[in-house]
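Every number here is computed from the coordinates shown, using simple stated rules; none is lab data. Every value quoted in this text rests on a predicted model; they were computed, and no experiment measured them. Note: ideal-geometry Cβ built from the backbone for every residue, glycine included; neighbour counts use all protein chains shown.
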């Protein structure tokens, strides 16, 4: 898909969804709790240990989602639910088009998500518009329409059957000296009230 056609598809999809939800609630919540932690020790099952090990400082703190973790997210409707996994962060990412490069003083960062539809019906979305990247200074960045050698980008729209998944990259253009700190994702092209957040650094 050409950059021009892909851009037009994403803009049209986001505009239609924004119009449909303009009168909806504006309250939002950010979920940082993983459904399952990629950092969990091997063999940690549901059975209780025979003896509790001494707790280290901060052991009672809630788990924070990181790369490899999955967060369960909800959309506007009950049928719009998905398990979203931050699979990989490629930083820096190399452009797949020699004629389309980051602006001077900037770089590409490509983030790979896996979206699994967990609702009662197929889940349709434009994943590229649902993602945000946040640097260590708290500045957020929206996706760009560049393609990189990190891997296949999400298409303009996905239609995922219940129980099935879609895998793809979303690319951001950030300042060369920016430190990637967090990644966020929200359903319904980013308009859902709940966002998932993963700690990267």
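Take the alpha-carbon centre of region 168-189, take the same for region 82-150, and report the distance between them in whole Å.
Spelled out, the Cα-based centre of one part sits 5 Å from the other.
Among 116-129, 187-200, how do they line up from the highest to the lowest mean number of other beta-carbon atoms within 10 Å?
For the peptides 116-129, 187-200, the packing ranking is 187-200, 116-129.
Please arrange 100, 86 by how many other C-beta atoms lie within 10 Å of their C-beta, fewest to most. Don't skip to the answer; put the middle values down first.
Working: 100 14, 86 28.
The fewest-first ordering by Cβ neighbours comes to 100, 86.
Report the extension gain between residue 179 and residue 88 in nm, rounded to one decimal, defined as 0.36 nm multiplied by the number of residues separating them, less their alpha carbon distance.
The span from residue 179 to residue 88 would gain 31.2 nm if fully extended.
Put a dot 7 Å past each Cα toward the Cβ at residue 64 and residue 139; how far apart are the dots in nm?
If labels sit at residue 139 and residue 64, their model points lie 2.1 nm apart.
Please arrange 107, 114 by counting, for each residue, the other beta carbons lying within 10 Å of its beta carbon, fewest first.
114, 107
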